[in-house]
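All remarks here apply to the structure that follows.
The values are calculated or read from the model by the stated rules, or taken from the named source; none is laboratory data. All values reported here derive from a predicted model rather than from experimental measurement. Please note: Cβ atoms are built from the backbone with ideal geometry, for glycine as well, and neighbour counts cover all protein chains shown.
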Amino acid sequence: MSSRIPLPYPRKVLELFKNPKNLGRMEDANASAVAGSLACGDMIAIYLKIDEGKNIVEKASFESYGCAANIAAASIMTEMIKGKRLRDAWNISWKEITEALGGLPSVKYHCGVLAVGALRRAIRAYFKDKNLPKWLPEELTHEEKHALEEEKLMELLYRKNDSGKV
């Protein structure tokens, strides 16, 4: 008998976990990024097709390796940003994602943070060889730093595994 207690997910989370929207790699994306978390093993890859003249998100998709909350957060986020200007997409918060899902257990808030981190990294990547808009902060946001810290930790652990020492 299992001692694990199932998490109380809202209906929307379970619906998007079973039937995610915008799932899959986008071959014609002009911006993409990945964010992952060692703490839970979740990973999100975000793909954006941006109208370059208007800076509007035409299409958004994702790939995910993770729990129900991770998949649902990425799915709802792609729905939330379609048709939005990049500035408005940038400003979506993990709290808005959590609210759009009908709430998440507190131990799953990081799934919204991960989705926002991947989105912001994709938007930042889009502007890599372009003039940065004034609304795009030069400093990395909390969500971007979170994704970067996780990546550095993963690299360190892989190096330790490969060499037997850090």
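Before moving on, here are some points about what is shown:
- In segment 100-150, the residue that is farthest from Arg85 (Cα to Cα) out of those that are surrounded by 15 or more Cβ atoms within 10 Å (Cβ to Cβ) and of a type in the set (Asp, Glu) is Glu150.
- Scan segment 77-99 for residues that are in contact (Cβ under 8 Å) with a residue 12 or more places away in the chain, within 15 Å of the chain's Cα centre (by Cα) and surrounded by fewer than 19 Cβ atoms within 10 Å (Cβ to Cβ) and the total you get is 5.
- Taking (1) part of a helix (DSSP H, G or I); (2) modelled with pLDDT of 95 or more in turn, Tyr158 satisfies each apart from (2).
- When segment 100-138 is filtered for residues that are within 17 Å of Ser37 (Cα to Cα) and either of a type in the set (Lys, Arg) or without any contact (Cβ under 8 Å) to a residue 12 or more places away in the chain (or both), the ones remaining, listed by number, are Ser106, Lys108, Arg120, Arg121.
- Some residue of segment 67-75 being assigned to a helix (DSSP H, G or I), at pLDDT below 95 and hydroxyl-bearing (Ser, Thr, Tyr): no
- Lone qualifier among Gly53, Gly36, Gly41, Gly83 - being in contact with a Leu (Cβ under 8 Å, 6 or more places away or on another chain) and farther than 12 Å from Ile123 by Cα: Gly36
- Scope segment 31-67; condition among the hydrophobic types (A, V, I, L, M, F, W, C) and under 16 Å from Leu148 (Cβ atoms); matching residues: Ala33, Val34, Ala35, Leu38, Ala39, Met43, Ile44, Ala45, Ile46
- Among the criteria (1) under 28 Å from Pro8 (Cβ atoms); (2) at pLDDT 95 or above, the one Arg85 does not fulfil is (1).
- Leu48 touching an Asp or Glu at 6+ places or on another chain (Cβ under 9 Å), crowded, with 19+ Cβ neighbours inside 10 Å and in contact (Cβ under 8 Å) with a residue 40 or more places away in the chain: yes
- For segment 103-136, a residue qualifies if it is hydrophobic (A, V, I, L, M, F, W, C), under 13 Å from Leu48 (Cα atoms) and out of contact with any strand residue (DSSP E or B) (no Cβ under 7 Å at 6 or more places or on another chain), and exactly one does: Phe127.
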